[in-house]
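The next block holds one structure in the form of structure tokens; read it before the comments.
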There are 2 protein chains.
Amino acid sequence: MADIKAVVFDLYGTLFDVHSVVGRCDTVFPSRGREISLMWRQKQLEYSWLRTLMGQYIPFEDATADALRYTCRHLGLGLDDAQARDLCDEYLRIRPFPEVPAVLRALNERGLPLAILTNGSVHSMTSVVQQAGLRGEFAHLISVEKVRLFKPHTQVYELSERAFGLSRSELLFVSSNAWDASGARHFGHPVCWVNRSGSGFEELGQRPDHIIESLEGLPSLLHG
Amino acid sequence: MADIKAVVFDLYGTLFDVHSVVGRCDTVFPSRGREISLMWRQKQLEYSWLRTLMGQYIPFEDATADALRYTCRHLGLGLDDAQARDLCDEYLRIRPFPEVPAVLRALNERGLPLAILTNGSVHSMTSVVQQAGLRGEFAHLISVEKVRLFKPHTQVYELSERAFGLSRSELLFVSSNAWDASGARHFGHPVCWVNRSGSGFEELGQRPDHIIESLEGLPSLLHG
């Protein structure tokens with residue numbers, strides 16, 4: 001991939017594990033953590049898509065709180081305000097996947113500037129990245145806040161072009177979320193899909209250019 | 001509701017039962033019908049939302065076919081082209097909920113003009129409505145085809161205003177889909193949510209003006 005001049009990563013599910021919240025959910029609602037986390041994540045995404053369609057942007061963190069409220073009510077779990085805050089704060093403490101620090105370092109050593117493009121706010125992104133000691137690895141931390149639209153809206157992907165001053169074809173977009181990878185591919189990025197769960201790609205008229213099972217495969221893909 | 005001058009219905013899930021397809025799915029994939037139908041419907045909606053966000057409208061029927069393909073692959077079910085066509089055609093034969101004919105008749109007898117506003121194409125909508133012998137009950141059959149965007153995009157709801165020449169506050173919008181009801185409410189319609197499944201409303205910053213368990217409750221709600 002000689003034409004690639006920089007790499008743009010999705011954050012939630014790609015660099016950081018959204019299901020890091022399972023443990024805390026289990027503490028509040030014993031043995032329901034996994035179930036809560038799965039539905040919570042699904043609703044969080046749905047609400048980001050629906051709010052954008054309704055022309056009513058809200059910060060991703062508010063969509064996350066709304067999604068948790070829906071999830072707990074749907075599962076018949078009483079959730080008070082303190083518990084809701086506690087669980088939502090857990091999204092500020094999610095952890096990177098184990099291979100992430102070494103992979104980012106390897107790419108930087110080879111001279112490839114890196115960025116994150118996330119639905120999350122600058123505050124959330126900075127919190128989790130700093131906590132993981134990874135701030136220095138990124139040239140740009142880009143949030144949809146700037147355009148007040150969520151992925152996969154086309155205008156979101158333009159933010160990476162602007163940040164780097166590079167064209168879409170020079171930016172490799174890396175995501176574990178097949179719908180996000182589809183949006184980026186449709187926009188014009190070469191795309192690497194991180195298929196962590198061994199599932200099928202979404203049927204949105206796109207195919208990823210590359211598929212890897214974890215980010216470990218990325219350095220050799222870029223410089224193989 | 002003296003100010004209501006006309007009623008706009010959602011089609012899929014509100015007037016017609018999308019899970020009418022379970023039987024045919026069961027024939028092709030024995031005992032998997034319910035599971036297929038649920039995931040198929042979920043993906044169909046996701047793809048309509050995601051395609052709109054990507055700025056890449058496709059007919060709802062194509063999103064339906066894509067969603068079926070994803071669903072079967074995800075569930076490990078081999079689906080050939082003939083089976084795919086067969087199952088998708090089943091969406092042209094879905095049936096109205098049992099109370100629908102009498103309710104529509106009752107509203108018309110009381111002088112309220114009725115419309116359908118659907119994500120589906122004019123062709124799909126006309127097929128199922130005619131098959132059910134209900135074409136005469138509707139003043140307007142409105143499809144998102146005209147704006148090439150899916151619900152809950154704001155421009156979709158404008159179509160009802162234009163069809164009737166009435167303002168949004170004079171049109172009661174009726175939907176079983178809480179995200180659709182939320183979109184219509186945000187747009188400015190008074191909204192009646194048909195909560196057929198006893199589930200919770202979506203957390204999208206809106207509340208329905210009225211909640212009924214089936215459409216049977218609608219005539220008395222309007223003229224109670």
To test your reading of the geometry: what angle, between 0 and 90 degrees and rounded to tens, separates the Cα axis of helix A:33-53 from the longest principal axis of chain A? 70 degrees
Partner chain Cβ atoms within 10 Å, averaged over the residues of B:184-190 - can you pull that number for me? 1
When the C-alpha atoms of segment A:113-171 are aligned to their principal axes, what extent does each axis show, in angstrom, from largest down? 30, 24, 14
For segment B:146-224, give the magnitude of the charge dipole about the Cα centre (Cβ charges: +1 Lys/Arg, -1 Asp/Glu; no others), in debye to the nearest 20. 300 debye
Starting from the 7 Å offset along Cα-to-Cβ, what nm value, one decimal, do you get for the label separation of B:Glu158 and B:Asp209? 2.2 nm
How many nm is it between the label spots at A:Arg148 and B:Asp3, if each spot is 7 Å from the Cα in line with the beta carbon? 2.7 nm
Starting from 0.36 nm per residue, how many nanometres of slack lie between A:Ala82 and A:Arg34 once their C-alpha separation is accounted for? 15.2 nm
Angle check, please: helix B:122-131 long axis (alpha carbons) against the longest principal axis of chain B (alpha carbons), in degrees 0 to 90, nearest 10. 80 degrees
In peptide B:44-50, what is the residue-averaged number of other protein chain Cβ atoms found within 10 Å of each Cβ? 6
Using the C-alpha gyration tensor of segment A:70-206, what are the square roots of 5 times its eigenvalues, in whole angstrom, with the largest one first? 27, 20, 16
Give me the three principal axis extents of segment B:1-76 from the C-alpha atoms, as integers in angstrom, largest value leading. 52, 32, 14
Rounded to the nearest 500, what is the 222 nm mean residue ellipticity of chain B from helices alone, with -39500 (n - 2.57) per DSSP H run of 4+ residues and division by all residues? -13500 deg cm²/dmol
Using a cut-off of 27 Å between alpha-carbon atoms, which lysines can reach B:Lys43, once sequence neighbours fewer than 8 places away in the same chain are excluded? A:Lys43, A:Lys151, B:Lys146, B:Lys151
Which chymotrypsin sites (Phe, Trp or Tyr not before Pro) in segment B:11-118 sit in a loop by DSSP (not H, G, I, E or B) and have at most 16 other Cβ atoms within 10 Å of their own Cβ? none
Averaged across the residues of A:53-65, what count of C-beta atoms belonging to other chains lies within 10 Å of each residue's C-beta? 4
Sequence ranges B:77-88, A:189-200, ranked by mean other-Cβ count within 10 angstrom, highest first: A:189-200, B:77-88
Note on chain A: contact order normalised by length, alpha-carbon pairs under 8 Å, 6 or more apart, percent, works out to 24 percent
Putting +1 on Lys and Arg Cβ atoms and -1 on Asp and Glu Cβ atoms, find which of B:Ser175, B:Ala102, B:Ile211 reaches farthest to the positive end of the dipole of chain B. B:Ser175
Between A and B, which A residue has the Cβ nearest their rotation axis, distance in Å? A:Trp49, 2
Computed over all unlike Cα pairs, the Kirkwood hydrodynamic radius of segment A:172-224 in Å stands at 10.9 Å
Principal axis dimensions, the protein assembly as shown - Cα atoms, whole angstrom, descending: 76, 52, 43
If you place +1 on the Cβ of every Lys and Arg and -1 on the Cβ of every Asp and Glu, how big does the dipole about the Cα centre of segment A:88-148 come out, in debye to the nearest 20? 120 debye
If you bin the C-alpha pair distances of segment B:36-144 every 10 Å from 0, what whole percents do you get? 13, 38, 31, 15, 3, 0
Compute the Rg to Rh ratio over segment B:1-42 from the alpha carbon atoms, using the Kirkwood formula for Rh, and round to two decimal places. 1.29
Relative to chain B, whose Cα atoms define the longest principal axis, helix B:100-109 and its Cα axis are tilted in degrees, nearest 10, by 20 degrees
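Taking the Cβ of A:Ala181 as the center, what net charge do the other residues with Cβ under 9 Å away carry, scoring Lys and Arg +1 and Asp and Glu -1?
Numbers: positive: A:Arg185; negative: A:Asp10, A:Asp180, A:Glu202.
Once positives and negatives cancel, what remains is -2.
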Label-to-label distances across copies for A:Gly165, with labels 7 Å out along Cα→Cβ, in nm, shortest first? 5.8
Restricting to the protein assembly as shown, compute how many DSSP beta bridges are antiparallel as a %, nearest 5. 5 percent
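We did not get these values from a lab; they are worked out from the coordinates using the rules stated. Note that the coordinates shown come from a computational prediction; the quantities given were computed from them, not determined experimentally. Cβ: placed from backbone, ideal geometry, glycine included. Neighbour counts: every protein chain shown.
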